[in-house]
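Undergrad: To start, I am sharing the structure in question, which I have written as structure tokens.
The values are calculated or read from the model by the stated rules, or taken from the named source; none is laboratory data. Since the structure is predicted, the reported quantities are computational estimates derived from the model, not experimental observations. Here the Cβ is made from the backbone with ideal geometry for all residues, glycine too, and neighbour counts use every protein chain on show. Areas reflect the complete protein model, heavy atoms only, side chains present, ligands, DNA and RNA absent. Shrake-Rupley method; radii C 1.70, N 1.55, O 1.52, S 1.80 Å.
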Amino acid sequence: MVHEAQETTQSLKVIDEARQGSVLYKEEWEKTASVGAKRFYIESYGCQMNFNDSEIVAAILYEAGYLPTRQLEESDLILINTCSIREKAEETVRKRLRVFEAVKRRRPGTLVGVLGCMAERLKKRFLEEEKLIDLVVGPDAYRDLPNLIRGAESGQRMVNVLLSREETYADISPVRLDSNGVTAFISIMRGCDNMCSFCVVPFTRGRERSRDPFSIVAEAQDLFMRGYREVTLLGQNVDSYKWQNPETGSIVNFAQLLEMVAQIHPRLRVRFSTSHPKDMTDEVLYTMARYDNICKYIHLPVQSGNSRILALMNRTYDRPWYEERIRAIRRILPDAAVSTDIIAGFCTETEEEHQDTLSLIEWANFSMAYMFAYSQRPGTLAARRYKDDVPEEVKKRRLNEIIRLQTAISLRHNQADIGKTFEVLIEGDSRRSDCDFCGRNSQNKMVVFPKKEGYKPGDYVYVRIHDATSATLRGEIV
Ligand code: SF4
């Protein structure tokens, strides 16, 4: 599972990066727009994979003559890239559709399209449930968008939710949306062959397929040439990345891909997400140890600290296996930080089994974690086989205990960095004050520090830490 990112509306400096590799601002866009180009507005929800898909959609629409707008009221095409991972994510989408409905009443010609996992999960039913929708497009059907739009413009309501065993969009260079010009995501594979019993992803994103490694390296090289200094390789389970050369039959696995990207340039940082405890090899860890520019951070979801629950979740590993993987990381990468995912209150989870999750969190010393209460998803193995029998108030109480414990551990983890000096990549202004820069260290910790003459986003600086909260390190450039 790749992680939740904030929802955003797409900024305008994107298109011309794709077209000319340079940044063109609003006034020049206005000039271009006045020659009648149609405009699209896109909102993205859910994981980084979805945000990266929106960048692929932007490139496809741009080729079809569309330009982006941030203004809902001036868009000819409204798109929402949806998430289906929890009930709440779908509720958010329904609320946004009400807003689009009002726009459509004021501008009847406007088309509304739903993309992503909720579109794939609901398929044609989405049209029946939501009369305003003109297009329902699944994650593997974005190439068909121009054709579907033409159909919708002629008054039809269009659906394409075919899942593919080949599609990786490898030949499409994403248009960087809402980019800070320093960090970017690169999808290396699509789909997932694991069948975790609580998860919709295998049903909404299909079977696993790995992208041609040379197209990944080319995309990373192009980003580096354009001033980006960090790429994050994305996959539901990057450790099962496996590409076979159709000519030679030779195989490229994740450790080899990681090395290929790390060799592009020592000043290009490499991150990846998400790892899977079952497939994460020592070969990957030794490759990380060999390259300073491969960041010393691993996101390794555990989900539960109890082996019986892990079996019910069909995670294909048990608690001792997970602990052995953590020990391997500590042995081979002593400076690495590890984060995780936790689900509280899964079907039939007892109080003792919940205590097992708390004790694992205490033992593993994660730098941070994504923590959620179990949300039953229609069509999943768990929904079909197990009763969602842990009462909501018990789920909530267990989740709060997990959050309280992990927040204390994250604070302890960050306080242990006070007095240390880290190399930080400046990503931009701190959200709180434009007198401060923010950026992350190799361990993926956010560092905030006062600006200093002569430094700008994209620069590497050394920052000595003098303070910490559970979420942020504070320091100064040395
Ligand atoms: S099935 Fe499991 S591994 Fe695959 S995306 Fe879902 S949670 Fe992650």
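Undergrad: Filter region 40-82 down to the residues that are assigned to a loop (DSSP other than H, G, I, E, B) and closer than 26 Å to Glu153 by Cα, then identify the one that is nearest to the chain's Cα centre (by Cα). Steps first, please.
TA: Narrowing region 40-82 to residues assigned to a loop (DSSP other than H, G, I, E, B): 45-46, 64-65, 69-71, 75-76.
Still in the list and also closer than 26 Å to Glu153 by Cα: 45, 64-65, 69-71, 75-76.
Working: Tyr45: 10, Ala64: 26, Gly65: 28, Thr69: 23, Arg70: 22, Gln71: 25, Ser75: 26, Asp76: 28 Å.
If we take residues in region 40-82 being assigned to a loop (DSSP other than H, G, I, E, B) and closer than 26 Å to Glu153 by Cα, then Tyr45 is nearest to the chain's Cα centre (by Cα).
Undergrad: Still on this structure, please answer the following. So Met368 clears everything in (1) more than 30 Å from Ala262 (Cβ to Cβ); (2) open to solvent by 40 Å² or more (accessible area, probe 1.4 Å) except one condition, right? Which one?
TA: With respect to (1) more than 30 Å from Ala262 (Cβ to Cβ); (2) open to solvent by 40 Å² or more (accessible area, probe 1.4 Å), Met368 is out only on (1).
Undergrad: Quick one: is Glu91 of a type in the set (Asp, Glu), in the same structural domain as Ala152 (by TED's automatic domain parsing), surrounded by fewer than 18 Cβ atoms within 10 Å (Cβ to Cβ) and closer than 21 Å to Pro139 by Cα?
TA: Values: of a type in the set (Asp, Glu): yes; in the same structural domain as Ala152 (by TED's automatic domain parsing): yes; surrounded by fewer than 18 Cβ atoms within 10 Å (Cβ to Cβ): yes; closer than 21 Å to Pro139 by Cα: yes.
Here the answer is yes, as Glu91 does meet what is asked.
Undergrad: I'd like the full set of residues that are basic (Lys, Arg) and open to solvent by less than 50 Å² (accessible area, probe 1.4 Å), limited to region 377-402. Please lay out each step first, then the result.
TA: The first filter runs over region 377-402 and keeps only residues basic (Lys, Arg), leaving 377, 384-385, 387, 395-398.
If the condition is that a residue be basic (Lys, Arg) and open to solvent by less than 50 Å² (accessible area, probe 1.4 Å), then Arg377, Lys395, Arg398 are the ones that fit.
Undergrad: Collect the residues in region 131-183 that are modelled with pLDDT of 95 or more, charged (D, E, K, R) and either in contact with an Asp or Glu (Cβ under 7 Å, 6 or more places away or on another chain) or open to solvent by less than 10 Å² (accessible area, probe 1.4 Å) (or both), keeping them in residue-number order.
TA: Correct list: Asp140, Arg157, Glu167.
Undergrad: Related question: Looking at (1) within 24 Å of the chain's Cα centre (by Cα); (2) over 15 Å from Met49 (Cα atoms); (3) part of a strand (DSSP E or B), which is the one condition that is false for Asp171?
TA: In the conditions (1) within 24 Å of the chain's Cα centre (by Cα); (2) over 15 Å from Met49 (Cα atoms); (3) part of a strand (DSSP E or B), Asp171 misses (3) alone.
Undergrad: List every residue pair whose Cβ atoms sit under 8 Å apart, with the two residues 6 or more apart in sequence or on different chains, where the first one lies in region 319-342 and is at positive phi and the second, anywhere, is open to solvent by 20 Å² or more (accessible area, probe 1.4 Å) and more than 16 Å from the ligand (Cβ to nearest atom).
TA: Listed pairs, sorted by first residue: none to list.
Undergrad: Inside region 326-336, can you point out the residues that are closer than 16 Å to Ser367 by Cα and touching a Leu at 6+ places or on another chain (Cβ under 7 Å)? So that I can check it myself, show each step before the final result.
TA: Applying the first criterion (closer than 16 Å to Ser367 by Cα) to region 326-336 yields 326-327, 329-330, 333-336.
Ile329, Leu333, listed by residue number.
Undergrad: Can you name the number of the only condition in (1) farther than 30 Å from Thr348 by Cα; (2) open to solvent by less than 60 Å² (accessible area, probe 1.4 Å) that Ala416 fails?
TA: The single condition Ala416 does not satisfy is (2).
Undergrad: Taking region 193-214 only, how many residues are touching a residue at least 40 places away in the same chain (Cβ under 8 Å), more than 10 Å from the ligand (Cβ to nearest atom) and outside any loop (DSSP other than H, G, I, E, B)?
TA: 3
Undergrad: Related question: I want to confirm something. Restricting to region 313-335 and keeping residues that are basic (Lys, Arg) and either in contact with a Gly (Cβ under 8 Å, 6 or more places away or on another chain) or closer than 19 Å to Thr380 by Cα (or both), which single residue is least open to solvent (accessible area, probe 1.4 Å)? Please lay out each step first, then the result.
TA: Of all residues in region 313-335, those basic (Lys, Arg) come to 315, 319, 325, 327, 330-331.
Among the residues that remain, those that are also either in contact with a Gly (Cβ under 8 Å, 6 or more places away or on another chain) or closer than 19 Å to Thr380 by Cα (or both) are: 315, 319.
Numbers: Arg315: 14, Arg319: 47 Å².
Filtering region 313-335 for residues that are basic (Lys, Arg) and either in contact with a Gly (Cβ under 8 Å, 6 or more places away or on another chain) or closer than 19 Å to Thr380 by Cα (or both), the one least open to solvent (accessible area, probe 1.4 Å) comes out as Arg315.
Undergrad: What tally of residues in region 336-348 results from selecting those that are farther than 21 Å from Asp282 by Cβ and open to solvent by 10 Å² or more (accessible area, probe 1.4 Å)? Spell out how you get there, then give the answer.
TA: Here is the first cut: in region 336-348, the residues farther than 21 Å from Asp282 by Cβ are 341-348.
Checking the rest, the ones that are also open to solvent by 10 Å² or more (accessible area, probe 1.4 Å) come to 343, 348.
Residues flagged as farther than 21 Å from Asp282 by Cβ and open to solvent by 10 Å² or more (accessible area, probe 1.4 Å) within region 336-348 amount to 2.
Undergrad: In addition: Is it the case that some residue within region 79-96 is of a type in the set (S, T, N, Q) and over 21 Å from Leu163 (Cβ atoms)?
TA: Within region 79-96, one or more residues are of a type in the set (S, T, N, Q) and over 21 Å from Leu163 (Cβ atoms).
Undergrad: Of all residues in region 302-340, count the ones that are outside any helix (DSSP H, G or I), under 23 Å from Val201 (Cβ atoms) and either more than 16 Å from the ligand (Cβ to nearest atom) or of a type outside the set (D, E, K, R) (or both). Talk me through it step by step, then tell me what you get.
TA: Quick first cut of region 302-340, residues outside any helix (DSSP H, G or I) only: 302-306, 313-318, 333-340.
After this cut, where a residue has to be under 23 Å from Val201 (Cβ atoms) as well, the list is 302-306, 313-318, 338-340.
Okay, now just the ones that are also either more than 16 Å from the ligand (Cβ to nearest atom) or of a type outside the set (D, E, K, R) (or both), so 302-306, 313-314, 316-317, 338-340.
Selection size over region 302-340: 12.
Undergrad: I've got another one for you. Which one of these does Lys445 not meet: (1) open to solvent by 30 Å² or more (accessible area, probe 1.4 Å); (2) among the basic types (Lys, Arg); (3) under 18 Å from Arg229 (Cβ atoms)?
TA: The failed condition is (1).
Undergrad: Would you check which residues across region 87-130 are of a type in the set (Ser, Thr, Tyr) and under 18 Å from Glu73 (Cα atoms) and list them?
TA: In the first step, residues of region 87-130 are kept if they are of a type in the set (Ser, Thr, Tyr); the result is 92, 110.
Across region 87-130, the qualifying residue is only Thr110.
Undergrad: Let me ask you something else. Can you say whether Arg267 is surrounded by fewer than 22 Cβ atoms within 10 Å (Cβ to Cβ), among the basic types (Lys, Arg), closer than 22 Å to Met368 by Cβ and out of contact with any strand residue (DSSP E or B) (no Cβ under 6 Å at 6 or more places or on another chain), as far as the supplied structure shows? Break it down into steps so the answer makes sense when it comes.
TA: Details: surrounded by fewer than 22 Cβ atoms within 10 Å (Cβ to Cβ): yes; among the basic types (Lys, Arg): yes; closer than 22 Å to Met368 by Cβ: no; out of contact with any strand residue (DSSP E or B) (no Cβ under 6 Å at 6 or more places or on another chain): yes.
Here the answer is no, as Arg267 does not meet what is asked.
Undergrad: Moving to a separate point now. All but one of (1) open to solvent by 30 Å² or more (accessible area, probe 1.4 Å); (2) within 26 Å of the chain's Cα centre (by Cα); (3) among the hydroxyl-bearing types (Ser, Thr, Tyr) hold for Tyr374; state the number of the condition that does not hold.
TA: Only one criterion in (1) open to solvent by 30 Å² or more (accessible area, probe 1.4 Å); (2) within 26 Å of the chain's Cα centre (by Cα); (3) among the hydroxyl-bearing types (Ser, Thr, Tyr) is unmet by Tyr374, namely (1).
Undergrad: Look through Lys296, Lys278, Lys242 and report the one residue that is within 16 Å of the ligand (Cβ to nearest atom), touching a residue at least 40 places away in the same chain (Cβ under 8 Å) and open to solvent by 20 Å² or more (accessible area, probe 1.4 Å).
TA: Values: Lys296 fails: within 16 Å of the ligand (Cβ to nearest atom); Lys242 fails: touching a residue at least 40 places away in the same chain (Cβ under 8 Å).
On inspection, the qualifying residue turns out to be Lys278.
Undergrad: Here's something else I'd like to know. Conditions: (1) exposed (fewer than 14 other Cβ atoms within 10 Å of the Cβ); (2) outside any strand (DSSP E or B). Tyr462 meets all but one. Number of the miss?
TA: All conditions pass for Tyr462, except number (2).
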